[in-house]
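The structure under discussion appears below in the form of structure tokens.
The values are calculated or read from the model by the stated rules, or taken from the named source; none is laboratory data. This is a predicted model, so every value here is computed, not measured. Note: ideal-geometry Cβ built from the backbone for every residue, glycine included; neighbour counts use all protein chains shown.
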Amino acid sequence: MKYVYIPKSELDPDRHYVGIASDLKDRLSKHNCGAVAHTAKFRPWAIKTYLAFSDHEKALAFEKYLKTASDRAFSKKQL
């Protein structure tokens, strides 16, 4: 199972991240302990939304979709 997830910063609620992981709890833990350079300065993080995919390729495609400029606004409003 692959998870596409969107955590939001508890330090800056307007800041969010889009990622993919096999183990969501472990990945959130890495964000919160500072092991992910891109998110370290905005910790702590809390999961805002996640979607589970049984198909790895579909999960990667959806993550890529959410990371495009036009869809960042969509994910902030809808997810």
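Among the conditions (1) within 12 Å of residue 18 (Cβ to Cβ); (2) modelled with pLDDT of 85 or more; (3) surrounded by 11 or more Cβ atoms within 10 Å (Cβ to Cβ); (4) out of contact with any Pro (no Cβ under 7 Å at 6 or more places or on another chain), the only one that residue 48 does not satisfy is (4).
Looking at residue 76, is it in a helix (DSSP H, G or I), at pLDDT below 95 and within 15 Å of residue 20 (Cα to Cα)? Against the criterion (in a helix (DSSP H, G or I), at pLDDT below 95 and within 15 Å of residue 20 (Cα to Cα)), residue 76 does not qualify. Can you say whether residue 51 is assigned to a strand (DSSP E or B), out of contact with any Lys or Arg (no Cβ under 7 Å at 6 or more places or on another chain) and of a type in the set (A, V, I, L, M), as far as the supplied structure shows? So residue 51 passes the test. Given the criteria of a type outside the set (D, E, K, R) and either at positive phi or out of contact with any strand residue (DSSP E or B) (no Cβ under 9 Å at 6 or more places or on another chain) (or both), does residue 21 qualify? The answer is no for residue 21.
The residue of the stretch 54-71 that is surrounded by the fewest Cβ atoms within 10 Å (Cβ to Cβ), among those that are outside any helix (DSSP H, G or I) and under 14 Å from the mean Cα position of the chain (by Cα), is 68. Inspect the stretch 23-40 for any residue being among the β-branched types (Val, Ile, Thr), surrounded by 15 or more Cβ atoms within 10 Å (Cβ to Cβ) and in a strand (DSSP E or B) and give the result as yes or no. No.
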